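The values are calculated or read from the model by the stated rules, or taken from the named source; none is laboratory data. Since the structure is predicted, the reported quantities are computational estimates derived from the model, not experimental observations. Note: ideal-geometry Cβ built from the backbone for every residue, glycine included; neighbour counts use all protein chains shown. Note: areas computed on protein heavy atoms with side chains; ligands, DNA, RNA excluded. Shrake-Rupley method; radii C 1.70, N 1.55, O 1.52, S 1.80 Å.
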Amino acid sequence: MRSKSSYENESNKGIAKQNGEDSEGKLGKVVSPNSKEFLFICFLVTLWYSSNIGVILLNKYLLSNYGFKFPIFLTMCHMSACSVLSYVSIAFFKVVPQQMIKSRSQFIKIATLSIVFCGSVVGGNISLRYLAVSFNQAVGATTPFFTAVFAYLATFKREAWITYAALVPVVTGVVIASGGEPDFHLFGFIMCLSATAARAFKSVLQGILLSSEGEKLNSMNLLLYMSPIAVIFLLPAALIMEPNVIEVTLALGRENKSMWLLLLLNSVTAYAANLTNFLVTKHTSALTLQVLGNAKGAVAVVISILLFKNPVTIIGMGGYTITVLGVAAYGETKRRFR
């Protein structure tokens, strides 16, 4: 005969087993969505890195190595792709709800932002004709410095002193990198610096012009409206300032059919960079985005050096490292001392 205690032990084991299965089922339900979300974010970040770095490298290849020396026309191609793909993604795929322009005043503000945006993109593309991607990224990393300056001049809003102190290594690093850049080109440097300043000015201006609740647009809707305005502005600019662009482009296309594929891929990648930037911003925290953004520049530098074999010096890389660390310190102090 089996004792009462043996029955109790088996009963307890059965209950424990059932509880264990229940807890495992509950745990599975909890872990699975988190794992999917993590994988989705990793996928988004990979696309973000690929599109952002890809468009920079393709721009460099077309403008410096391929013989397509038309940065204004190239920017117009980017904006044309953004116009079409923004409409498709919002109107048909419902990536975000479409926000309508509500007044003439709002349209003028968007047009102003579009022109400043054009200036920053064109300036950046022109600089890639003369500068290595590594140095271009070093100069571009100074965006927070210009943002802080323009924000103060426009709104008289002061940050904590330690936040401004963090900008010192940002500028110092670029000065050091400039001195150690083997292929330094003054005009390219001025254009890159101007593009960086214009990018910062656009973000400050956007915060001022579209500050009211009724006029705020998310980045995808803003791109939807800015892109066609940019095309209208860039087309005559390209034809006037780059008069032989159509002739040379057709000639390059006849010599090498891959020219059209490269131009199309470059333009689509430019839109993908904007789309993935919006999605990564939406699905991650500000701190994560800041860390990923700083790392993205470093990855772009390493890949560009491996692809284009441009000479680098210890001084140049040291300067870039100081700038990146300064940008990280600035972001952290700005987050802590709001």
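The figures follow:
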quantity: Distance between segment 309-333 and segment 241-288 - C-alpha centres, whole angstrom; calculated: 27
quantity: Flagged links, alpha-carbon separation over 20 Å, of Lys216/Lys296; Lys109/Lys157; Lys94/Lys282; Lys109/Lys202; Lys157/Lys202; calculated: Lys216/Lys296; Lys109/Lys157
quantity: Charge dipole of segment 61-337 about the Cα centre (unit charges at C-beta), most positive-ward option of Ser203, Leu131, Val231; calculated: Ser203
quantity: Per-residue [θ]222 nm for the chain (sum of -39500 (n - 2.57) over DSSP H runs n ≥ 4, rounded to 500); calculated: -28000 deg cm²/dmol
quantity: Helix axis angle, 104-130 relative to the chain longest principal axis, alpha carbon, degrees; calculated: 80
quantity: Euclidean distance of C-alpha centroids, segment 51-102 and segment 119-168, integer Å; calculated: 22
quantity: Stretch in the chain that is longest and holds no chymotrypsin sites (Phe, Trp or Tyr not before Pro) that DSSP places in a loop and that have at most 12 other beta carbons within 10 Å; calculated: 157-336
quantity: Label-zone membership for segment 125-149, site Leu265, 7 angstrom Cα→C-beta point, backbone N under 16 Å; calculated: none
quantity: Cβ-placed point charges (K, R +1; D, E -1), dipole of segment 61-337 about Cα centre in debye, nearest 20; calculated: 600
quantity: Difference of contour (0.36 nm per residue) and Cα-Cα distance, Lys216 to Phe40; calculated: 60.6 nm
quantity: Cleavage-rule hits, trypsin sites (Lys or Arg not before Pro), segment 134-209, DSSP coil, Cβ neighbours within 10 Å at most 11; calculated: Lys157, Arg158
quantity: Gain in span if fully extended, Glu332 to Phe308, counting 0.36 nm per residue against the direct Cα distance; calculated: 5.3 nm
quantity: Label corresponding to Rg and Dmax of the Cα atoms in Å when calculated from the structure given, among [x] 19.7, 63; [y] 22.5, 62; [z] 25.3, 104; calculated: [z]
quantity: Residue-normalised accessible area of segment 61-337, given per residue in Å² at a 1.4 Å probe; calculated: 48
quantity: Percent carbon-and-sulfur accessible area, segment 61-337, ignoring ligands, DNA and RNA, probe 1.4 Å; calculated: 71
quantity: Folded to 0 to 90 degrees: helix 143-155 orientation relative to the chain principal axis, Cα; calculated: 80
quantity: Residue-count net charge about Ser194 - beta-carbon cut-off 15 Å; Lys, Arg +1, Asp, Glu -1; calculated: +3
